[in-house]
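Have a look at the structure below before the remarks.
The values are calculated or read from the model by the stated rules, or taken from the named source; none is laboratory data. Since we're looking at a predicted model, the values are computed, not measured. All Cβ positions, even for glycine, are placed from backbone atoms using ideal geometry, and neighbour counts span all protein chains on display. What goes into the accessible areas is simple: the full protein's heavy atoms, side chains included, and nothing from ligands, DNA or RNA. Shrake-Rupley method; radii C 1.70, N 1.55, O 1.52, S 1.80 Å.
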Amino acid sequence: QVQLVESGGGLVQAGGSLRLSCAASGGTFSSYTMGWFRQAPGKEREFVAAIRRGGIYYEDAVKGRFTISTNSAKNTVYLQMNSLKPEDTAVYYCAADLSFTGSPNNATLYDYWGQGTQVTVSS
């Protein structure tokens, strides 16, 4: 019953910034584990970041550049992306896990997914 809608993707120059948003509805937002994944053409879906009660997690490739955060009043999760690189180009997906207990980097653990938003970084 959970619906996730991503927004905020676009085209930016290398070194620039974007903020992605994921609006959640249909459940208790504060109890979710929320994750961001990305998928480039010809590549597998890759974990980017996740946040839940008691923990925040990042893939090594984005540590120090990306920040995941939440706004409970708006039922929204954000991914602030700074110092973007061409290799960050991908479709970015928001995901929700309603019963998360293990490692957040396994996409099979997530119950709901958004439609994705395209991020393109030019050099």
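Looking at region 1-59, the trypsin sites (Lys or Arg not before Pro) that sit in a DSSP loop and have at most 11 other Cβ atoms within 10 Å of their own Cβ are LYS43, ARG53. Residues TRP36, TRP113, ordered by accessible area of protein heavy atoms at a 1.4 angstrom probe radius and largest first, appear as TRP113, TRP36. Only protein atoms count toward the accessible area here, which uses a 1.4 Å probe; on the chain, the carbon and sulfur part of that area reaches 46 percent.
Rounded to the nearest Hz, the phi-derived 3J(HN,Hα) couplings of region 101-118 under the Karplus curve 6.51 cos²θ - 1.76 cosθ + 1.60 (θ = phi - 60°) are 9, x, 5, x, 8, 9, 4, 5, 7, 8, 8, 9, 9, x, 7, x, 9, 7, where x marks glycine and proline.
The distance between label points at THR101 and GLN1 comes to 2.3 nm (points 7 Å beyond Cα on the Cα→Cβ vector). Heavy atoms of the protein chains alone define the surface here; on that basis region 1-88 has 53 Å² accessible area per residue at 1.4 Å probe size.
Here's how it looks for PHE66: its modeled amide H is under 5 Å from those of ASN82, which are all 5 or more places away or on a different chain. Taking 26 Å as the straight-line reach from the Cα of LYS43, the lysines in range (excluding those fewer than 8 positions away in the same chain) are LYS63, LYS85.
Listed options for Rg and Dmax of the Cα atoms in Å are (1) 14.1, 48; (2) 13.4, 41; (3) 13.8, 44. The value calculated from this structure is the one marked (2).
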